[in-house]
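Take a look at the structure set out below.
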Amino acid sequence: MKPASTADLSLFLCIARHLNFSRAAVELGLTPSALSHALRALETRLDVRLFNRTTRSVALTEAGERLYQRLQPVFRDIADALEDLNNFRDKPSGNLRITAGRAAAELALLPLAQRFLVAYPDVHLEILSDDALVDMVGTGFDAGVRLGDRLQADMVSLPIGPYLRSVVVGSPEFFERHFIPQHPQDLKKLPCIGHRFPSGALYRWEFERGGVQLEVDVQGPLILGDVSLMLAPALQGIGLAYVFEDMVKEHLERGDLQQVLGDWCHYYPGLHLYYPSRRQVPAALKAFIEFAREYSASPATTASPTGSG
């Protein structure tokens, strides 16, 4: 068996993380065909098949799975050793990969990132938008941004934005055709724009007033997998939308949308930056954490909401 190089094994690990040649090729800066050819050459040198490949799927073989489990901690130790060198530089540098839902990225992460990159120009920041919770270590991310109540137990987290509020909105044209709801249960009689999580579950709209909490299964002509996409159909009068207040503030001020059930729409802890607790923190991430901590301590972020109406 001919020995495999570190580059060969790094290529194998990238494919194993993604189980998708197109995504792995993007990360490695190769074409999918070049990546496939390199993998075949590696399997030939090792004289063992590492992946079962069809036109529709990629899966590790038993040998590939064993190699993947053995190599992951080794390459992580190598990455940590190289990352230690960052401590000897005047300013952190290197790559920082963060996963975030699209709404989280727009509302909190991008404004923070813009300021951070000015302060740390040697850091290369990559933000990938995905509403699904990912295996951060297995997929090569350093950190993520999600709502505080969606974090895994083994994560370290800190808030990076103010309290959030979701509001029910509809266009003036919508309310010309439909009645204005006075209670969350009235939503069952109105067309609403639904939201399906990456897990496949439909979101039940959550409300609270005077300590009374309600969850409502809404119905309607449209279901979307991204909260950010709800704005356009709401403006068109297709249905009521339940979205972050910051996403529709300008439309509410202009009268393009009208808010209802305001006294039932409560504030809740907002977005959090989170990262694995059982891994050495890279210097670039340390700098980002400290930057986010200072940002979250600003008056605009720490101010408590005074009401929900």
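The values are calculated or read from the model by the stated rules, or taken from the named source; none is laboratory data. Given the structure is predicted, the values throughout are model-derived calculations rather than measurements. Don't worry about glycine lacking a Cβ; one is built from the backbone with ideal geometry, like all the others, and counts go over all protein chains shown. Heavy atoms of the whole protein, side chains included, go into the accessibility calculation; ligands, DNA and RNA do not. Shrake-Rupley method; radii C 1.70, N 1.55, O 1.52, S 1.80 Å.
From (1) open to solvent by 20 Å² or more (accessible area, probe 1.4 Å); (2) assigned to a strand (DSSP E or B); (3) farther than 30 Å from Tyr295 by Cβ, pick out the condition that doesn't hold for Phe179.
(2)
Under 7 Å between Cβ atoms, which residue pairs at least 6 apart in sequence (or on different chains) link something in the range 220-239 that is under 23 Å from Leu107 (Cα atoms) with a partner that is basic (Lys, Arg) and assigned to a helix (DSSP H, G or I)?
Asp226/Arg102; Ser228/Arg102
Among the residues of the range 198-232, how many are basic (Lys, Arg) and farther than 16 Å from Val167 by Cα?
Qualifying residue count, the range 198-232: 0.
Within the range 254-289, can you find the residues that are surrounded by fewer than 16 Cβ atoms within 10 Å (Cβ to Cβ) and part of a loop (DSSP other than H, G, I, E, B)?
Scanning the range 254-289 gives Gly255, Asp256, Pro269, Ser277, Arg278, Arg279, Gln280.
Mind listing whichever residues of the range 23-51 are within 20 Å of Glu65 (Cα to Cα), hydroxyl-bearing (Ser, Thr, Tyr) and out of contact with any strand residue (DSSP E or B) (no Cβ under 9 Å at 6 or more places or on another chain)?
Thr44, the sole residue that qualifies.
If we scan the range 223-238, do we find a residue that is polar (S, T, N, Q), in a strand (DSSP E or B) and open to solvent by 40 Å² or more (accessible area, probe 1.4 Å)?
Of the range 223-238, the ones polar (S, T, N, Q) are 228, 236.
Narrowing the set further to residues that are in a strand (DSSP E or B) leaves none.
Looking for residues that are polar (S, T, N, Q), in a strand (DSSP E or B) and open to solvent by 40 Å² or more (accessible area, probe 1.4 Å), one finds none in the range 223-238, hence no.
When you scan the range 190-199, do you find a residue that is at pLDDT below 95, of a type in the set (Val, Ile, Thr) and surrounded by 16 or more Cβ atoms within 10 Å (Cβ to Cβ), even just one?
Within the range 190-199 (the criterion being at pLDDT below 95, of a type in the set (Val, Ile, Thr) and surrounded by 16 or more Cβ atoms within 10 Å (Cβ to Cβ)), the answer is no, since none of the residues qualifies.
Within the bounds of the range 194-202, is there any residue that is in a loop (DSSP other than H, G, I, E, B), of a type outside the set (Phe, Trp, Tyr) and without any contact (Cβ under 8 Å) to a residue 12 or more places away in the chain? Full working, then the answer.
Looking only at the range 194-202, we keep the residues that are in a loop (DSSP other than H, G, I, E, B), and these are 197-201.
If we keep only those that are of a type outside the set (Phe, Trp, Tyr) too, we end up with 198-201.
If we keep only those that are without any contact (Cβ under 8 Å) to a residue 12 or more places away in the chain as well, we get 200-201.
Looking through the range 194-202, at least one residue is in a loop (DSSP other than H, G, I, E, B), of a type outside the set (Phe, Trp, Tyr) and without any contact (Cβ under 8 Å) to a residue 12 or more places away in the chain.
Among what's in the range 239-253 and is open to solvent by 30 Å² or more (accessible area, probe 1.4 Å) and among the aliphatic types (A, V, I, L, M), pick the residue that is nearest to the chain's Cα centre (by Cα).
Going through the qualifying residues, I end up with Met247.
Yes/no matrix, rows are residues, columns are (1) surrounded by fewer than 17 Cβ atoms within 10 Å (Cβ to Cβ); (2) free of Cβ contacts under 8 Å to residues at least 60 places away in the same chain:
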site	(1), (2)
Leu42	no, yes
Thr54	yes, yes
Leu82	yes, yes
Arg97	no, yes
Leu112	no, no
